[in-house]
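Report on one structure; see the data block that follows.
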Amino acid sequence: MSTVSNAPQIMMTDLENEDDEGSKKKRKVRYAPSTGGNKAQGETWGNEIEFLFSCISLSVGLGNVWRFPFIAFQNGGGTFVIPYLIVLLLIGRPVYYLEIIIGQFSGRGCIKSFNFSPVMKGVACGQVMATGFSLTYYSSIMALTLRFLIASFSTVLPYSYCWPEWGVECLDDVMNPQLANMTNLTTVTGKSPAELYFLKEVLKEKSSIQDGIGYPEWSLVGCLLLSWVIISIVLIKGIKSSGKASYFLGIFPYIILILLLIRAVTLPGAIDGIIYFFKPQWDQLLNPLVWYAAVTQVFFSLAICFGTLITYASYNNFNRDVKKDLSIITTMDLFASITSGCITFGILGNLAAQTNAKDIATVVQGGAGLAFISYPDAISKFEFFPQIFAVLFFLMLFVLGVGSTVGMASCIIRVIRDQFTALPSWILTVFVGLIGFFVSLVYITPGGQFVLNLVDFFGVSFTGLVFAIGELVAVAWIYGVKRFCDDIYFMTGQKTGYYWRICWGILSPVMMIGVLIYFLVDLKELTYKDVKYPNSALTIGWTITTIALLQLPIWAIYSFFTQRYPGRDKFKDKFLQMWKPIRFWGPADPALNEEYLYYRSKIEHDEEV
């Protein structure tokens, strides 16, 4: 509970504003930054470091390890880094800062924080839906990772040699001498042992889902259950437990990345692979597809516009200066992406050298293939103790998955807690864990990768971009950049620079709208491994998209009919009011809220206090 001692101390300070003619004038506003926190919500981080490491573990995830290297290679190699850095500066960092400010200022979860723009509350609801979809299929990837981690403790890596039941379909470049007498298999053109192990033994993947997706395999069910148990343990006491776990989740992956980088650059042919990764293809710089890929990768990597950052920031002390955190987090995220690229192409360069491949592109596979086929295939060919590197790699992947899923689950739990404040954290955690586990089972069936690809496209990527634009429109064009910056000044005592204002008000939304237009114009029929989906699956996909996008008009209509202000019964009054913040919008702490309302009244009435 809050106390008066946590409220801002009253003092006189200057606040510059511009009038309609553009001339500057000073107002006296009673304000000094608070030394208290968002006590009304009942939880805060144990210390400032916990928030920093929690954001790092959330943002630095699987997208940095297996998605960034392949996307970079696919879109011009080193040339991709240029648009990626531009997008990071003009969209990634501004949106990251914006979401942290929203959460920290309001002290509320994702949905209630949108009380600053009731008409756009559907944006928050849609983001929570996308977060739920992401959470379930991320946990399934964790299950696959755990399956490979357990297998990596074998005396002989099971994905390093051809199994007899695979027949001539298997291409075994280095036959294990311990197993050579088991069969007279010969080297033929086909798939690598790692690829066949992943498809036939782990996924038991179907060639299509025309006749259904099948039933999950028991070993993957066990791995999925263990994954959710670990997620639940981290979350069981709310941010008190997840904050403490963030030290490990935020640091350990970097230790493994550095170890793998040292090993990768010492492999024969690794330098050729790294040069290939950074080799620019300048003709790709003007390709709209490259810029689209850069935007989606920034969103995927930083985990912005999914409600998770707002949730994490809502537990901050009210007056915390988060600009330093922002610089550290985005720099660490970029470092992880570039380092992963060097590791990936260093290993693939070595693989190309061993197999005498003339083009490294022939040994690269994207998406899950890069994490569960190319990496295991390359690591299994290490001459000394490949099990050690395999265990370290998959342990790192699993830890990265824990960091991301904990953030997503925290967002959903906070939304529920905002509605049912009396429920203890452990009950909410168990509830979310059980629902998440049973929903995630669909992704570990033989047709699960088809489902994952479908849900990612219709429920996360496309809708996520729409809601990201909606978030910026709500803040910059409806709530207003000027008022948003005034709120930052009230909270931290710092004025907002033109870089942030221009990005929020113009550059970020315009660039994202351009990307959305390109996405729609270039929209193609969804396939998985060049296999078309049955009409029933596509119907389900478009239904998911429709339900998500309908949150926008549904909540706008709800906002219109729930206006309850004196003298606001007329249609015009209610319509205009729903575009404005709710009556007592401001910090969750009652004392801070009272001071903020006083602060706003003086600004709006242009009075000297």
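Couple of notes before you dig in:
- If you sort the three axes of the alpha carbon gyration tensor as a ≥ b ≥ c, you get a/c of 1.5 or more for region 257-376 and a/b above b/c, which makes it prolate.
- Hz values of 3J(HN,Hα) by residue in region 587-592 - Karplus curve (6.51, -1.76, 1.60), Gly and Pro given as x: x, 5, 5, x, 5, 5
- Table column - 3J(HN,Hα) (Hz), region 430-442, Karplus curve with 6.51, -1.76, 1.60, x for Gly and Pro: 4, 4, 5, x, 5, 4, x, 4, 5, 5, 5, 4, 5
- Taking amide H atoms as placed 1.01 Å from N in the peptide plane, the amide H of A588 lies under 5 Å from those of G107, each 5 or more residues away in sequence or on another chain.
- Accessible surface of the chain, 1.4 Å probe, proportion on carbon and sulfur as whole %: 65 percent
- Using a probe of 1.4 angstrom and keeping all protein chains present, the accessible surface of region 194-263 works out to 47 square angstrom per residue.
- Shown here for region 526-607: chymotrypsin sites (Phe, Trp or Tyr not before Pro) in loop regions (DSSP other than H, G, I, E, B) with at most 13 other Cβ atoms within 10 Å, namely F584.
- Taking every DSSP helix (H) stretch of at least 4 residues in the chain, weighting each as -39,500 (n - 2.57) and dividing the sum by the residue count yields a mean residue ellipticity at 222 nm of -18000 deg cm²/dmol.
- Each of F560, F584, F70 was scored by the projection of its Cα onto the charge dipole of the chain, and the greatest displacement toward the positive side belongs to F584; charges sit on the C-beta of Lys, Arg, Asp and Glu.
- A dipole drawn for the chain from +1 and -1 charges on Cβ atoms has a positive end, and of L235, Y596, F467 the residue lying farthest that way is Y596.
- For region 487-566, the square roots of the Cα gyration tensor eigenvalues, ordered a ≥ b ≥ c, give a/c of at least 1.5 with a/b no greater than b/c, which places it in the oblate category.
- Entry for Rg/Rh (Cα atoms, Kirkwood Rh) (calculated from the structure that is shown) out of (1) 1.00; (2) 0.97; (3) 1.74: (1)
The values are calculated or read from the model by the stated rules, or taken from the named source; none is laboratory data. Bear in mind the structure is a predicted one, so any value in this text is a computation, not a measurement. For neighbour counting, all protein chains shown are included, and Cβ atoms are generated from backbone atoms with ideal geometry for every residue, glycine included. Note: accessible area is taken over every heavy atom of the protein model, side chains too, but ligands, DNA and RNA are not part of it. Shrake-Rupley method; radii C 1.70, N 1.55, O 1.52, S 1.80 Å.
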